[in-house]
């Protein structure tokens, strides 16, 4: 009876994340804070992305905007995956139309040795923003996040975004010891950044491995899994979500890394993803999953959107729990009213 009362009063997102039965299917969207919202563009006008990420009042306001507008069940902290690298002292910037650009790519032993460590004081503005948000959010959980070691390593090695990750893959295979030394350093930075967020009061965290889908399962297990595991195992007391793009073949391994919730992109139906993970670990209960509406389908009209929402909610029922989300982030030109409608459709689904 006590457990039932807890599930009735605890936020639906947190209930679903631990495999319980929430009062409604919880929903939030990656990149809901920013991009598609006119109020975000107005607020950010004239402010560089990284400057915004270190302004507690601006972070608070941007994070709150989609919560007010869409009635989502979770707020995702407005930030960027390169924030901890920048805060630690890595010379990088986010270039409009390109993404993160690193002034001096990391490719040698001296480069790795020179990478700075992250201290809590470096990201104090992020902790301050979380403090402001906790006063505003009420019962809506705040989700913190960080970039996973492989994805951050790819930016550092390539010097910016890469289609083929050729320098990254070449380094991991030509000098595995150097590669593991690099990822160990990045894992320390990522773990500290998440620890600061948890201590400041976030109720869940998500580890983004945006580029992991570029790897084979063998390479992922050899070169990435141990470091993502270190990061996730360092976080206790809150649900841990693990998400990557194009990771159909990696889902069982990503679950092994220690996540409580596995994010699934739109390429793989949720029920198929659950079956793959169950077959890989039959002694464990079915996983909790997050996802996975194709962001492009927010442009397809309401009838198509309703069909897709119903399908995804139904497929998610085979999991121990389901948090509705997109299969990646909100696209910049998405109509905010359609996002609001999608939330309504999820909430009224059965």
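The values are calculated or read from the model by the stated rules, or taken from the named source; none is laboratory data. Every value quoted in this text rests on a predicted model; they were computed, and no experiment measured them. Glycine gets a Cβ as well: all are built from the backbone with ideal geometry, and neighbour counts include every protein chain shown.
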Within the stretch 92-146, count every residue that is in a strand (DSSP E or B), more than 19 Å from residue 51 (Cβ to Cβ) and in contact with a helix residue (DSSP H, G or I) (Cβ under 6 Å, 6 or more places away or on another chain). 3
Criterion violated by residue 258 - all others in (1) within 14 Å of the chain's Cα centre (by Cα); (2) within 18 Å of residue 322 (Cα to Cα); (3) not in a helix (DSSP H, G or I) satisfied: (1)
Within the stretch 29-55, take every residue that is touching a strand residue (DSSP E or B) at 6+ places or on another chain (Cβ under 9 Å) and closer than 23 Å to residue 335 by Cα and give me the one that is surrounded by the most Cβ atoms within 10 Å (Cβ to Cβ). 32
Pick from the stretch 116-137, criterion without any contact (Cβ under 8 Å) to a residue 40 or more places away in the chain and surrounded by fewer than 20 Cβ atoms within 10 Å (Cβ to Cβ), ranking: farthest from residue 66 (Cα to Cα): 116
Selection from the stretch 56-77 of residues in contact with a strand residue (DSSP E or B) (Cβ under 7 Å, 6 or more places away or on another chain) and closer than 14 Å to residue 27 by Cβ yields 67, 72, 73, 74, 75, 76
Condition test on residue 289, is it in a strand (DSSP E or B), within 25 Å of residue 77 (Cβ to Cβ) and touching a helix residue (DSSP H, G or I) at 6+ places or on another chain (Cβ under 6 Å)? yes
May I ask you to say which residue of 186, 235, 241 is over 29 Å from residue 27 (Cα atoms) and either in contact with a strand residue (DSSP E or B) (Cβ under 9 Å, 6 or more places away or on another chain) or modelled with pLDDT under 95 (or both)? 186
Of everything in the stretch 207-219 that's in contact with a strand residue (DSSP E or B) (Cβ under 9 Å, 6 or more places away or on another chain) and assigned to a helix (DSSP H, G or I), which residue is farthest from residue 155 (Cα to Cα)? 213
Qualifying residue in the stretch 316-335 (condition: more than 23 Å from the chain's Cα centre (by Cα) and either surrounded by fewer than 22 Cβ atoms within 10 Å (Cβ to Cβ) or closer than 18 Å to residue 267 by Cβ (or both)): no
Within the stretch 36-66, the residues that are outside any helix (DSSP H, G or I) and farther than 17 Å from residue 124 by Cα are 36, 37, 45, 46, 47, 48
For the stretch 147-176, pairs from a residue that is part of a loop (DSSP other than H, G, I, E, B) to a residue that is surrounded by fewer than 20 Cβ atoms within 10 Å (Cβ to Cβ), with Cβ under 6 Å and 6 or more apart or across chains, are 159/102; 159/105; 160/101; 161/99
It is to be established whether one or more residues within the stretch 311-319 are closer than 26 Å to residue 221 by Cα and not in a strand (DSSP E or B). yes
